[in-house]
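Rule-based calculations on the coordinates, nothing more; no lab input. Note that the structure is a prediction, hence the values are computed from the model and not measured. All Cβ positions, even for glycine, are placed from backbone atoms using ideal geometry, and neighbour counts span all protein chains on display.
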Amino acid sequence: MLYALSENQKIVDAKQATRGKKYLCPGCKNRVTLRQGQAKVPHFAHQKFQCNVFSEGESKEHLHGKNILMKMAQQQYETVELEAYLSDLKQKPDLLINNKIALEFQCSPITVEKMVARSKGYEKKNLRYFWFLGQRHRLKRKMTQQIAQFLHWHPNLGFYLIYVDVERKKLSINYNIQMADFLDVKFRSYETSSFSGLKFLFNQKKLSNYYSLNIRQQSLQMQRLNIGNFKSTGVFRDMQRLTYENGLIFERMIPFLIQKHFAYPIFQQYHFVWLIKKITKQNANEALFQLPFVNLEKILLMFESENKIEYYNSNSRIKVGFDDTRN
């Protein structure tokens with residue numbers, strides 16, 4: 001941990017602590033040892049046992065990230081507690097602000113179930129909570145479930161993720177995140193050194209809109225769909241079987257499966273898989289990521305409305321439209 005209590009009950013930063021002095025854990029009040037060296041970040045560690053309140057064995061990134069978040073929070077808020085133990089929940093957020101806001105800095109993998117359980121704990125205590133991400137969850141070319149589970153949606157920003165860049169001591173946000181079949185994820189980025197800078201971005205007039213696919217990207221989709229249809233393996237074979245069982249022919253549907261615009265980053269399988277399952281009245285939600293912080297029912301209704309997606313199954317016909325007049 002980065003901070004401990006001095007003998008006169010003052011919070012002391014490990015960087016400013018003095019060797020030989022007595023320091024106590026802010027949680028369990030037991031003796032801790034100051035560890036300062038060139039290889040590791042200065043920190044305090046328990047002497048003989050594992051404390052149930054504060055965590056040890058943290059990564060350098062996690063230690064630095066908590067410190068960055070704490071300094072940013074102290075610029076704006078009166079009371080900022082590091083790893084304040086919430087005994088009724090048996091949880092300790094990385095930061096607790098004014099006993100109203102919990103901040104979590106997630107660097108390591110975490111299951112959806114565990115993340116939801118933590119979040120529900122904060123909700124039970126009427127705390128607002130925010131998840132900040134480390135480099136392991138950095139969005140690059142493809143969306144994964146480990147990243148998607150942290151997605152939030154905002155009317156001005158669309159889908160977004162917030163990161164702590166410990167090297168540059170900044171917050172970075174990827175927003176207007178969108179996906180298209182067989183293509184890299186697209187998004188915009190913004191950086192700030194304060195929570196007020198983050199608030200400024202969220203208050204900007206609508207910054208999200210759909211990215212269009214160019215001719216080359218649409219040609220790539222057509223090529224990949226035709227190759228998949230020819231090879232007839234994996235998900236393509238499944239879709240061929242599903243369409244055939246419902247009086248459709250997958251090959252004839254390919255021109256209608258080419259996207260004009262990128263879509264919301266909610267499809268764990270391909271967008272065309274979700275669309276075919278929707279057309280054939282299957283459980284299309286199986287093709288979606290688990291997104292605990294997103295109202296998927298509302299998002300899907302909005303997506304279908306904005307894209308004017310219509311489908312019907314009659315003599316192998318399919319109708320899919322896109323509203324090109326959308327602002």
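At-a-glance table
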item: Pairwise label distance in nanometres, SER305 with LYS124, each label 7 Å out on the Cα-Cβ vector; result: 3.5
item: Value at 222 nm in deg cm²/dmol, rounded to 500, when DSSP H runs of n ≥ 4 in the chain each add -39,500 (n - 2.57); result: -9000 deg cm²/dmol
item: Nearest 10 degrees, 0 to 90: helix 215-231 Cα axis against the chain principal axis; result: 80
item: The range 215-306: relative contact order as a whole-number percent, Cα under 8 Å and 6+ apart; result: 22
item: Calculated FRET efficiency for the pair ILE215/ARG252, C-beta based, R₀ 22 Å, to 0.05; result: 0.50
item: Residues LYS114 and LYS15, FRET efficiency given R0 of 25 Å [Cβ-Cβ distance, rounded to 0.05]; result: 0.20
item: GNM top mover of PRO292, PRO93, PRO255 - the chain, alpha-carbon springs below 10 Å; result: PRO255
item: Set of lysines near LYS21 by C-alpha distance (under 19 Å), chain-local residues within fewer than 8 positions excluded; result: LYS10, LYS29, LYS48
item: Highest-MSF residue in the chain out of ILE173, ILE11, ILE266 [GNM, Cα springs under 10 Å]; result: ILE11
item: In nm, spacing of pseudo-spin labels at PHE202 and ARG35 (7 Å Cα→C-beta vector); result: 3.6
item: Gain in span if fully extended, SER189 to SER87, counting 0.36 nm per residue against the direct Cα distance; result: 32.9 nm
item: Centroid-to-centroid separation of the range 106-134 and the range 214-245 [C-alpha atoms, Å]; result: 38
item: Candidates LYS100, LYS231, LYS278, ranked by Gaussian network fluctuation over the chain, Cα under 10 Å, top entry; result: LYS231
item: Gain upon complete extension [HIS152, LYS71; 0.36 nm per residue less C-alpha separation]; result: 26.7 nm
item: 16 Å reach of a label modelled at ARG168, 7 Å along Cα-to-Cβ, counting backbone N of the range 103-124; result: none
item: The range 149-190 - percent relative contact order, Cα under 8 Å, separation 6 or more; result: 28
item: Within straight-line cross-link reach of LYS40, aspartates and glutamates at Cα separation under 19 Å, skipping those fewer than 8 residues along the same chain; result: ASP13, GLU56, GLU58, GLU61, ASP165, GLU167
